Amino acid sequence: MRSRLALSGLFILVALLALSAGACTKKTSPVVRPIPPPPPPTAVAPARPPAPAEPAKDPVVVPAAPIIEDKVAVASLDEINRNSPLKPVFFDYNSSDVSAEAQRVLDANAEVLKKNQTWVVSIEGHCDERGTAEYNLALGERRAAAARTYLVSLGILGDRISFVSYGKEFPFDPAHTEEAWAKNRRGHFVVTRK
């Protein structure tokens with residue numbers, strides 16, 4: 001019985017503690033904050049009516065500019081190559097060196113290629129009839145490559161210029177004279193795409 005009494009006393013003590021703890025805590029009601037008043041209405045200036053339309057003036061007739069066609073731009077590849085603005089370069093006997101005169105011609109050709117950015121060209125290397133076919137094919141290739149290298153050094157993209165050697169197979173002048181041979185030692189330009 002004593003343990004029952006102790007147990008019930010303990011229970012009462014716990015209940016009293018719980019009630020006193022609950023009585024100590026104060027419940028606060030939420031703070032009600034006042035709603036600020038709406039902003040005062042702003043005065044809006046009345047919109048001005050649009051100005052009346054001005055009467056139409058007589059139109060000024062401007063004569064059409066004459067259409068100037070770039071004959072090179074509209075020409076076919078055959079026409080471009082027949083009247084080519086790209087001049088051939090000539091080489092000394094047994095040489096693939098670009099001479100001062102050849103440099104002047106290549107400078108002018110570079111300007112034409114810069115104006116016609118879409119053109120793709122092939123440089124054909126040619127030789128005179130003297131020497132073996134194999135030797136002249138190699139010499140013609142060196143000549144065409146030298147002309148291409150010079151053009152690339154002037155800023156022309158290398159992928160726009162291909163080259164091929166024909167050696168002595170397609171002489172410009174078929175005569176067997178020094179004058180004819182000088183004409184045949186050349187780098188000839190052909191526009192392959194415009």
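Only the coordinates and a few stated rules stand behind these numbers; no lab work does. On a predicted model such as this, the values are computed, not experimentally measured, just so you know. Note: ideal-geometry Cβ built from the backbone for every residue, glycine included; neighbour counts use all protein chains shown.
In plain terms, the chain from V190 to Y135 could stretch by 17.5 nm, reckoned as 0.36 nm per residue minus the Cα-Cα distance.
Computed from point charges on the beta carbon alone (+1 for Lys and Arg, -1 for Asp and Glu), the dipole magnitude for region 72-186 about its Cα centre is near 340 Debye. FRET efficiency for the pair E111 and E179, taken as 1/(1 + (r/R0)^6) with r the Cβ-Cβ distance and R0 = 35 Å, rounds to 0.75. Label zone of A75 (point 7 Å out along Cα→Cβ, amide N under 17 Å): in region 106-129 this covers 108-122.
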